[in-house]
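For reference, the structure I am asking about is given below.
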Amino acid sequence: MSDAGDGDEPVEGTVAPALAAELPGLRLRWTLVGDALGGRTPRALRRRLDHVSQRFRGADAIALRTRPVPRAYRAFFRQVGLDPDVDRTPAEAAALQRLVRGELHSGDRMSDALVLAILETGVPVVAFAEAQLEGDVVLRAAEVGETLPTGDYAHDVPAGRLVLADGAGPVAILFGRLSDRHAAGRERAAVRLVAVQVAGVPDVHVGEALWLAAEALTEVD
């Protein structure tokens with residue numbers, strides 16, 4: 001397994017060869033936060049989310065889908081058989097949540113760190129509890145009979161659906177449900193941040209998304 005410490009350049013992850021050939025530009029990038037601080041959202045992160053929230057009022061949230069990076073994820077959704085107007089892309093889902101709740105921060109540092117990353121860059125980041133992973137995380141299609149290990153939707157992984165998987169099997173449906181066992185929690189622990197880059201998304205956006213999330217998980221209030 002490759003190692004990436006806090007603040008290092010993202011590590012290049014593995015995309016199944018057949019998938020990479022079918023979807024040029026598809027990449028997996030990740031970084032390790034060795035001592036992520038869980039618990040309540042600190043004041044500094046809350047203030048930053050309040051500032052970001054001011055930019056996501058009704059018209060701005062609707063216009064989000066026209067920006068280059070969110071538009072690239074919408075195009076990718078269609079490539080893999082998802083309707084982005086039904087199964088919303090992560091950036092649009094986060095912006096819609098802001099409209100419904102009237103604010104971005106939830107009070108949970110982990111959730112708020114990921115929201116900050118996606119709304120600032122358009123790139124979705126997933127957080128896994130490092131201790132629960134068996135080897136590297138790869139991006140591939142689910143095989144017949146595979147399931148997520150735990151959670152309400154553990155049975156709902158159709159063959160061929162794109163998943164993030166470790167050495168033991170799927171740990172998350174791509175842009176969807178995570179295994180409850182593997183999702184990073186509120187405790188202080190090592191966390192692996194994973195981003196899926198699609199065609200049309202610049203490297204700098206992916207690096208910034210991972211850096212923003214890592215910073216928010218390590219910043220002391």
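Throughout, read-outs are computed from the coordinates displayed, never taken from laboratory work. Computed from a predicted model, the values in this text were never measured in an experiment. All Cβ positions, glycine included, derive from the backbone under ideal geometry; neighbour counts span all protein chains shown.
If I take all pairs of Cα atoms in the range 106-221, what percentage of them are more than 16 Å from each other? Before the final figure, lay out the partial values.
Numbers: 4000 of 6670 pairs.
Roughly 60 percent, once rounded to a whole number.
Distances longer than 27 Å among the Cα atoms of the chain: what percent of all pairs is that?
Value for the chain (Cα pairs over 27 Å): 28 percent.
Then there is this: Helix-derived [θ] at 222 nm for the chain: sum -39500 (n - 2.57) over DSSP H runs of at least 4, divide by residue count, nearest 500? Don't skip to the end; give the middle numbers.
Values: 7 runs with 76 residues, N = 221.
The helix contribution divided over the chain gives -10500 deg cm²/dmol.
Whose amide H sits under 5 Å from the amide H of residue 183, counting only residues 5 or more places off or on another chain, with H placed in the peptide plane?
129
What distance in nm lies between label points placed 7 Å from Cα along the C-beta direction at residue 106 and residue 147?
2.5
Hey, another quick one. Under 14 Å from the Cβ of residue 194, count the other residues' Cβ atoms, weight Lys and Arg +1, Asp and Glu -1, and hand me the total. Intermediate values should be presented prior to the final figure.
Working: positive: 27, 29, 140, 192; negative: 12, 130, 136, 166.
It works out to a net charge of 0.
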